[in-house]
Amino acid sequence: MPGIDRSDLKRIATRLYDRAMELDSLRFGDFTLSSGQKSTYYFDGRMLSTDPEGADLISKAFSVAIDDSGAEAFGGPTVAAVPIVGALALRARLDGKNWTGFFVRPEQKEHGAGKQIEGNLQPGMKVVAFDDTVSTGGSLFPAIDAVEAFGCEVVLVMAILDRHQGGDTELERRGIPFFKLWESTPEGKVTIAV
């Protein structure tokens, strides 16, 4: 995307953080996560990715990372990736990029075409996988595994928020670069990562 550099990414990530606070999509307090772990904050990425301004900001930042990666396709696990895929597909079209979107179901469908991966993904493509949040990677890694089993190469993973709860370590172990807009400290402080 012409005209966006590192300082623009920081500005976009900062405005996205502010928008999350305005929407109450990022809240601080005492929360129990789906993993059962306790947290001093809660982030609902779907509130942000289904908001028009949030979707615009996420797709701007993510499209820069996709462009830098040389990928041909982008996507991630349902449900979190679906609105982001839609926003990125529209941004790709408006920016004249020849990218395609996809999303990965938790398991193969029992009916219709019996697909697990929905979209125009083709074997041999270089892809970017993403989730709104990466903690342990419980939904992200099965999606990556399905895409790789389909015959594609995951060249980058993206997230709005890296919780630093093991998913980032596993990505490093797998040798997959990781682009994130925000990250949290062990004390639960959420900071801009770009």
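Filter region 131-184 down to residues that are of a type in the set (Ser, Thr, Tyr) and touching a residue at least 12 places away in the same chain (Cβ under 8 Å) and give me whichever is surrounded by the most Cβ atoms within 10 Å (Cβ to Cβ).
Here the residue is Ser135.
Among the listed residues Pro83, Pro123, which satisfies the condition of being over 15 Å from the mean Cα position of the chain (by Cα) and closer than 23 Å to Phe178 by Cα?
So the residue among Pro83, Pro123 that is over 15 Å from the mean Cα position of the chain (by Cα) and closer than 23 Å to Phe178 by Cα is Pro123.
Just checking: which of the strands (runs of 3 or more DSSP E) contained wholly in region 48-139 hold 2 or more residues that are at pLDDT 95 or above and of a type in the set (Lys, Arg)?
Hits in region 48-139: none.
With respect to Ala143, determine if the residue is at pLDDT 95 or above, among the small types (Gly, Ala, Ser) and either farther than 15 Å from Ala81 by Cα or in a strand (DSSP E or B) (or both).
no
Considering only residues of region 13-59 that are among the β-branched types (Val, Ile, Thr) and closer than 14 Å to Leu161 by Cα, which is surrounded by the most Cβ atoms within 10 Å (Cβ to Cβ)?
Here the residue is Ile58.
Which of the numbered conditions does Glu187 fail, given that it passes all the others? Conditions: (1) surrounded by 21 or more Cβ atoms within 10 Å (Cβ to Cβ); (2) out of contact with any helix residue (DSSP H, G or I) (no Cβ under 7 Å at 6 or more places or on another chain).
The single condition Glu187 does not satisfy is (1).
Test Ser59 against the criterion of being in contact with a strand residue (DSSP E or B) (Cβ under 8 Å, 6 or more places away or on another chain), in contact (Cβ under 8 Å) with a residue 12 or more places away in the chain and closer than 22 Å to Ile117 by Cα, and give yes or no. Steps first, please.
Working: in contact with a strand residue (DSSP E or B) (Cβ under 8 Å, 6 or more places away or on another chain): no; in contact (Cβ under 8 Å) with a residue 12 or more places away in the chain: yes; closer than 22 Å to Ile117 by Cα: yes.
So Ser59 does not fit the description; no.
The values are calculated or read from the model by the stated rules, or taken from the named source; none is laboratory data. Small disclaimer: the values here were computed from a predicted structure and weren't measured. Positions of Cβ are backbone-derived with ideal geometry, glycine not excepted, and every protein chain shown enters the neighbour counts.
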